[in-house]
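Take a look at the structure below.
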Amino acid sequence: MHEPIRPYTRDDVERLRGSVRVEHTLARLGAERLRTLLAERKWVPALGAVTGGQAVQMVKAGLEAIYLSGWQVAADANLAGGTYPDQSLYPANSGPALARRINNALLRADQIGQAEGGGGTHWLAPIVADAEAGFGGPLNAFEIMKAYIDAGAAAVHFEDQLSSEKKCGHLGGKVLVPTSQFVRTLVAARLAADVLDVPTLVVARTDALSASLLTSDVDDVDRELCTGERTAEGFFRVRDGIEAAIARGLAYAPYADLVWCETSTPDLAEAEAFAAAIHERYPDVVLAYNCSPSFHWRGHLSEPEIASFQRELAALGYRFQFITLAGFHALNLSMFELARGYRDDAMAAYVPLQERELALEEAGYTATRHQREVGAGYFDQVMQAVSGGLSSTLALTGSTEEQQFHERHSPTAIAAR
């Protein structure tokens, strides 16, 4: 990975640190881990988690990184307790709150594993988090970056939209800020990480591929794409497309650790054109790719093309590849199917789910024993330590889970009887 430009001095950083140093252990571990993964893996796959429990299952299943989607925060995980579209309508500290929730769940899984004598799982998977358009100007970006670091995020991404008009990359009506203004956002995020003395990665996302509005033509790189038209709100109309995305990607690359071009379809030719242009000038910049559920994958690609898509992306330098809204879709689909079945067939609809859980235990799934999964056994060990091993109020001892989901009830044991 290349060394990003810092247009400020070490004295600036020291002056802004204050006299008390707070160690941000999880953010540091996550950032260092993510840098290692990006260097060693052909690509790092990740899914968007909307709960801490989902993140635990992702790591247990073998994923090494977690994506935190602002879309999912807006839809079902924000501190306002509301349901919103992806338009930055929720409180700005909601994303950091979810990052903290995910890290707390991963920490508990690590504690349970250690208490049970297990090892080998790297539970604290690095979180790549969504800071949207920064929720304002450079000062807002500086503050939300600090909040994400305090919550333990490993990397944070920002997009080059106008924050007050922010839209999901797959919605219409997106308004870009001038290129130089977004560079200041990236610099503010980097400065925040340096002030907190953590190597948090900064991810620059451009929405120029499908955004046709611009707040100002102050920059030459933007002026060349202006059509001469203005909107009722005073925005400039610009030509969108791969040329615009490349121009902005090249402007952002010197200030970012990863560059992400938000796309409208899973188009390898388009991805190759963007990667080639960036790497011609900045060969060490890592690229990120959103394998979005907004795409109708089978409508664009054949089965063999879908199977090879991520390998081909990786060969182009897209080393962080993620499905943003995986948690939202997995949660809603599975619950809808269960609810419909329960409506029609009562317990006959639930039992297959439980049997599927039991069958997956051989693959490492453990949430069948849900009391143990959330730490009942861990806190039993706490109580034993407090009582010198004499506690008579242990939660798992004599529990339904202990009696009915003992090892003898595993699929292998049942088949042997």
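The values are calculated or read from the model by the stated rules, or taken from the named source; none is laboratory data. This one's a predicted model, so the numbers in the text were calculated from it and none came from an experiment. Positions of Cβ are backbone-derived with ideal geometry, glycine not excepted, and every protein chain shown enters the neighbour counts. Heads up: the accessible areas ignore ligands, DNA and RNA and are worked out on the full protein's heavy atoms, side chains in. Shrake-Rupley method; radii C 1.70, N 1.55, O 1.52, S 1.80 Å.
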Can you tell me which residue in the stretch 1-17 is least open to solvent (accessible area, probe 1.4 Å), limited to those that are acidic (Asp, Glu) and assigned to a helix (DSSP H, G or I)? ASP12
Residue among LEU201, LEU162, LEU171, LEU191 that alone is open to solvent by less than 10 Å² (accessible area, probe 1.4 Å) and under 27 Å from the mean Cα position of the chain (by Cα): LEU201
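Each row is one residue, and each column tells you yes or no for (1) open to solvent by 50 Å² or more (accessible area, probe 1.4 Å); (2) more than 15 Å from the chain's Cα centre (by Cα).
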{"site": "ARG21", "(1), (2)": "yes, yes"}
{"site": "ALA27", "(1), (2)": "no, no"}
{"site": "ALA39", "(1), (2)": "yes, yes"}
{"site": "ALA46", "(1), (2)": "no, no"}
{"site": "THR51", "(1), (2)": "yes, no"}
{"site": "ALA55", "(1), (2)": "no, no"}
Return the pair list, or none, for Cβ contacts closer than 8 Å from residues in the stretch 213-236 that are under 21 Å from LEU171 (Cα atoms) and open to solvent by 100 Å² or more (accessible area, probe 1.4 Å) to residues that are of a type in the set (D, E, K, R) and part of a strand (DSSP E or B), at least 6 apart or on different chains. ARG230/ARG237
Quick check on my filter: what residues within the stretch 316-342 are small (Gly, Ala, Ser) and within 22 Å of the chain's Cα centre (by Cα)? GLY317, ALA326, GLY327, ALA330, SER334
Any residue in the stretch 12-26 that is under 14 Å from LEU191 (Cα atoms) sitting within a Cβ distance under 9 Å of a residue that is assigned to a loop (DSSP other than H, G, I, E, B) and among the aliphatic types (A, V, I, L, M)? List the pairs, counting only those 6 or more apart or interchain. ARG17/LEU196
Within the stretch 236-245, is even one residue within 23 Å of LEU258 (Cβ to Cβ), of a type in the set (D, E, K, R) and either out of contact with any strand residue (DSSP E or B) (no Cβ under 9 Å at 6 or more places or on another chain) or not in a helix (DSSP H, G or I) (or both)? yes
In the stretch 367-403, anything over 22 Å from TRP123 (Cβ atoms) and in a loop (DSSP other than H, G, I, E, B) is listed as GLY388, GLY389, LEU390, SER391, SER392, THR393, LEU394, ALA395, THR397, GLY398, SER399
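Condition check ((1) of a type in the set (A, V, I, L, M, F, W, C); (2) without any contact (Cβ under 8 Å) to a residue 12 or more places away in the chain) across all residues:
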site	(1), (2)
GLU272	no, no
VAL285	yes, no
TYR289	no, no
PHE295	yes, no
HIS300	no, no
ALA307	yes, yes
GLY317	no, no
ALA326	yes, no
Filter the stretch 325-354 for residues that are surrounded by 13 or more Cβ atoms within 10 Å (Cβ to Cβ) and out of contact with any helix residue (DSSP H, G or I) (no Cβ under 8 Å at 6 or more places or on another chain); the one that is nearest to GLY118 (Cα to Cα) is ALA326
Right, THR83: open to solvent by 10 Å² or more (accessible area, probe 1.4 Å), polar (S, T, N, Q) and without any contact (Cβ under 8 Å) to a residue 12 or more places away in the chain or not? yes
Residue match in the stretch 372-385 (condition: open to solvent by 50 Å² or more (accessible area, probe 1.4 Å), among the charged types (D, E, K, R) and out of contact with any Asp or Glu (no Cβ under 9 Å at 6 or more places or on another chain)): no
Mind checking whether some residue in the stretch 135-144 is on the phi < 0 side of the Ramachandran plot, modelled with pLDDT of 95 or more and touching a Ser or Thr at 6+ places or on another chain (Cβ under 7 Å)? yes
In the stretch 213-244, the residues that are closer than 26 Å to ALA269 by Cα and in contact with a helix residue (DSSP H, G or I) (Cβ under 6 Å, 6 or more places away or on another chain): VAL221, ASP222, LEU225, ILE242
